[in-house]
Structure formats: C-alpha cells, structure tokens
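Each remark here refers to the structure printed beneath this line.
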Amino acid sequence: MDHMHDRIDARVDSPHREGLTGTAPADVYQRVVDTDEITRAPDGRPLDEQPKWRRDFPIDSPQDQYVARRDFMKFMVLTSLAFTVGQFWIAAQNWLRHRRGLPELKKIASLEDVPVGGALTFSYPGETDRCLLIRPEADVFVAFSQQCTHLSCAVVPQPEHNRLFCPCHEGAFDLRSGRPVAGPPNRPLVRVVLDVRGADIYASGVELRTV
C-alpha cells in the first residue's frame, strides 16, 4: 500500500498520471477534424493526393451538388408559382370583363375592304387596343390582338407563311388560330370575336386564352 502514498509527479508524462484526462501529452490524442474542413474532391481521392491548386482552393463536391439541386428545386417552385399566378390573373381579367358586361358591337370593316390574303388594322375594344383583321380565304375572317403575348411587341401578318410574326424575338403564331408555333411566346394571341352581317364585319367581343 506504500505506492498509495507515493508523491505524484506533476509532469504530464509521469507513469502515475496515465489515463487522467488532460494530463497526457498533446501528441497522444488524434486531432479531431472540423466538419467544415472535410472536403471531398470530384475525383474522390484524398486531399493530400490532390494537385496543389486544388488543395489551395478545395471544393466539397457532394455539398456543391447538394446546393445545385437545392437551387434547381427553388427555380422549379418559383417557375410553377409564376405560371399559377399567371393563370389566376387571366381568370381574374375574364371575370372582370364579365362583370363590366360585353364590349359594345363595333363595325370594323366592309367585306370589300379586305381582299383575300389581305389584312387591316383596327382598334377594339378601346382606342389603344390595336388588332388585326385577316382574310385567309374568301369566306374566312379572323381577328386577333396585335400585341405579342411574350413582351407585347406588334405582330405583323405573313400570309405567305401562314403565320403572324413578331420581329422583336422572332416569335410566330398560326394565322388562323393565333396559337404560338415558334419562338418565346407560349400563350395564344387574344382573339377578337367577329360577326359578319351582310357586307359588314363587326367586332362583338374579346377572348383571352391560355392554350
């Protein structure tokens, strides 16, 4: 029992102090690496096997891919939200138009004013709402808003190509239906409802469409 009364040496490398917390030499413990310092290169090799430029500018490949996926999901959510808001906006505009009542009946041309394959411009329902009246065949008349559904540039008729063309960003719409066929636009042109009475052509309403 004499060893119980042995004087404990204050030095940290004394045999009697082995196992006591905080008394072992610093080089005994394995260094704990901070999780922020853990880096996995794109090729998967350890950091000490990487070229110097990669050691100087380390990038954690899994974390980088995670951030990219997260940004992609954020983009998809925001894009879906924008489309949803757009659909509600169009529905609200239609509802407001119904609340205000139908636009007034307005004569826009006579049959003889529009030759087959020709077109003319008119304003409807307001004076600033520019529209196009087109006659692709002798007994066929169609009318659309002249504003492109992309960024509201003025479209021009190109009957030889069976389309309405937007020169701003090279968008194109079908001449008869007004639906987009090329370029950035993804919504059809606003259609003007026509009413042919005898030798006269009247505009009787507008129709907003999403497809």
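The values are calculated or read from the model by the stated rules, or taken from the named source; none is laboratory data. It should be emphasised that the depicted structure is a prediction, and the values quoted were computed from it without experimental measurement. Here the Cβ is made from the backbone with ideal geometry for all residues, glycine too, and neighbour counts use every protein chain on show. Note: areas computed on protein heavy atoms with side chains; ligands, DNA, RNA excluded. Shrake-Rupley method; radii C 1.70, N 1.55, O 1.52, S 1.80 Å.
Just a few scattered comments:
- Protein-only accessible surface order, largest first, of Thr121, Thr79, Thr128 at 1.4 Å: Thr128, Thr121, Thr79
- Surface calculation, 1.4 Å probe, protein heavy atoms: Val85 sits at approximately 90 Å² accessible.
- The residues neighbouring Val142, those whose beta-carbon lies less than 9 Å from its own, together hold a net charge of +3 under the Lys/Arg +1, Asp/Glu -1 convention.
- Segment Thr128-Glu160, extension gain: residue separation times 0.36 nm, minus the distance between their alpha carbons: 8.7 nm
- Remark: the Ala182-Leu105 segment gains 24.4 nm on full extension, using 0.36 nm per residue and subtracting the alpha carbon distance.
- What the phi angles of segment 164-176 give under the Karplus curve with 6.51, -1.76 and 1.60, with θ = phi - 60°, is a coupling list of 9, 10, 9, x, 5, 10, 6, x, 9, 10, 4, 5, 8 Hz, glycine and proline written as x.
- Per-residue accessible area (protein heavy atoms, 1.4 Å probe) orders Arg45, Arg135, Arg163 as Arg45, Arg163, Arg135, starting from the largest.
- Accessible surface of Asp113 - all protein chains present, 1.4 Å probe, nearest 10 Å²: 80
- Largest accessible area first, the listed residues Tyr124, Tyr202 line up as Tyr202, Tyr124 when surface is computed with a 1.4 Å probe on the assembled protein chains.
- Calculated FRET efficiency, Leu78 to Cys168, Cβ-Cβ distance, R0 = 30 Å: about 0.75 to the nearest 0.05.
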